[in-house]
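**Q** One structure, as structure tokens, below. Some questions next.
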């Protein structure tokens with residue numbers, strides 16, 4: 001078996017991987033495939049009842065990316081079906097169209113009442129955490145090609161419609177409205193172009209418009225490899241990556257080190273306040289900021305508070321986003337971080353209700 005694995009690893013198509021069943025059968029899959037993709041490739045029922053996976057005898061997450069030569073064992077439940085989370089592209093459970101089609105088919109065959117109930121719950125949960133209310137649901141349903149809200153909910157529950165599509169259409173409807181209050185309710189008005197941090201127009205991205213200060217110890221200039229250190233009340237200090245001070249801080253306080261890069265100002269962004277509740281742990285703030293950096297989201301302000309009695313941390317953050325879809329994607333990624341309890345959007349001041 002070992003010789004066969006080595007042979008496969010050295011002579012495979014660049015866009016395919018070759019993995020083994022516990023019995024030694026070879027299965028070929030696209031390079032980005034996950035254990036769920038493998039389960040559905042072996043048998044539809046194994047996919048439906050998949051609850052976990054082992055690779056070479058070690059338990060791995062269902063979002064794990066398979067590699068040529070892996071031996072995969074699927075852990076199944078005696079009853080039940082797939083999770084709706086598997087259809088969320090932001091969570092990374094499923095990569096192949098075959099598996100996605102099998103999952104969608106399973107939900108289609110469930111009772112319409114169940115699909116409607118679960119779709120409504122999904123809709124309410126997403127729109128509540130994004131703080132959207134007062135929508136004309138009939139107009140929204142027709143915008144996503146369904147006759148009424150019940151059909152829209154049932155499609156969401158069956159997996160025929162994605163919540164991201166609904167969010168996109170919701171924003172389009174507000175954007176086409178002549179009522180400025182409605183658009184302001186959905187997303188705050190665009191923030192004017194911020195001044196650059198330097199006279200030559202250079203800004204530091206990754207942490208976006210969060211206050212940044214160039215370190216006096218190493219004086220980074222455009223083109224240098226840089227890194228950021230989160231200070232207490234003074235924003236982020238920007239150092240060269242080879243700065244002796246930052247090397248010491250990286251070892252002493254790694255949770256305050258964040259990736260940054262040189263770049264240009266980003267336009268058409270909207271300030272949004274969010275709150276993250278989590279069990280406190282080392283590196284929590286760094287992991288959250290890395291999510292923002294991955295999506296090139298500007299961070300305008302961060303306020304953290306830790307309750308020592310229950311060991312919970314609350315992070316109140318002001319972001320700049322370009323759409324509800326991107327905000328929903330950010331929420332999904334934050335929820336995948338360890339120890340996260342909840343993430344939601346906040347609305348300061350008097351709540352304004354959109355008129356239908």
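**Q** Give the residue, chosen from 114, 110, that is more than 21 Å from the chain's Cα centre (by Cα), in a loop (DSSP other than H, G, I, E, B) and farther than 25 Å from residue 172 by Cβ.
**A** Only one candidate qualifies: 110.
**Q** Can you pull out the residues in the range 124-151 that are free of Cβ contacts under 8 Å to residues at least 24 places away in the same chain, under 24 Å from residue 344 (Cα atoms) and part of a loop (DSSP other than H, G, I, E, B)?
**A** Result: no residue meets the conditions.
**Q** Looking at residue 324 and the list (1) at pLDDT below 85; (2) in contact with a helix residue (DSSP H, G or I) (Cβ under 6 Å, 6 or more places away or on another chain); (3) more than 21 Å from residue 125 (Cα to Cα), which single condition is not satisfied?
**A** Against the list (1) at pLDDT below 85; (2) in contact with a helix residue (DSSP H, G or I) (Cβ under 6 Å, 6 or more places away or on another chain); (3) more than 21 Å from residue 125 (Cα to Cα), residue 324 comes up short only on (3).
**Q** Let me ask something else. For residue 206, all conditions in the list (1) in contact with a strand residue (DSSP E or B) (Cβ under 9 Å, 6 or more places away or on another chain); (2) surrounded by fewer than 13 Cβ atoms within 10 Å (Cβ to Cβ); (3) modelled with pLDDT under 55 hold save one; what is the number of the exception?
**A** Evaluating residue 206 over (1) in contact with a strand residue (DSSP E or B) (Cβ under 9 Å, 6 or more places away or on another chain); (2) surrounded by fewer than 13 Cβ atoms within 10 Å (Cβ to Cβ); (3) modelled with pLDDT under 55 leaves (2) as the failure.
**Q** Suppose we filter the range 236-258 for residues that are surrounded by fewer than 16 Cβ atoms within 10 Å (Cβ to Cβ) and within 15 Å of residue 299 (Cβ to Cβ); how many remain?
**A** Final tally of qualifying residues: 0.
**Q** What's the total number of residues in the range 12-38 that are assigned to a loop (DSSP other than H, G, I, E, B), under 17 Å from residue 86 (Cα atoms) and at pLDDT 90 or above?
**A** So the answer is 2.
**Q** So which residues in the range 39-53 are under 27 Å from the mean Cα position of the chain (by Cα) and either over 21 Å from residue 336 (Cβ atoms) or not in a strand (DSSP E or B) (or both), if there are any at all? Explain how you work it out, then say what you get.
**A** Of all residues in the range 39-53, those under 27 Å from the mean Cα position of the chain (by Cα) come to 39-41, 47-53.
39, 40, 41, 47, 48, 49, listed by residue number.
Each row is one residue, and each column tells you yes or no for (1) surrounded by 15 or more Cβ atoms within 10 Å (Cβ to Cβ); (2) closer than 18 Å to residue 161 by Cβ.
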site	(1), (2)
44	yes, no
50	yes, no
66	yes, no
74	yes, no
84	yes, yes
96	yes, no
101	no, yes
113	no, yes
126	yes, yes
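**Q** Tell me, please, whether a residue that is at pLDDT below 85, under 27 Å from residue 344 (Cβ atoms) and out of contact with any strand residue (DSSP E or B) (no Cβ under 6 Å at 6 or more places or on another chain) can be found in the range 272-283.
**A** No: the range 272-283 contains no residue that is at pLDDT below 85, under 27 Å from residue 344 (Cβ atoms) and out of contact with any strand residue (DSSP E or B) (no Cβ under 6 Å at 6 or more places or on another chain).
**Q** With (1) modelled with pLDDT under 95; (2) within 28 Å of the chain's Cα centre (by Cα) as the list, and residue 69 as the residue in question, which single condition is left unmet?
**A** (2)
The values are calculated or read from the model by the stated rules, or taken from the named source; none is laboratory data. Since the structure is predicted, the reported quantities are computational estimates derived from the model, not experimental observations. All Cβ positions, glycine included, derive from the backbone under ideal geometry; neighbour counts span all protein chains shown.
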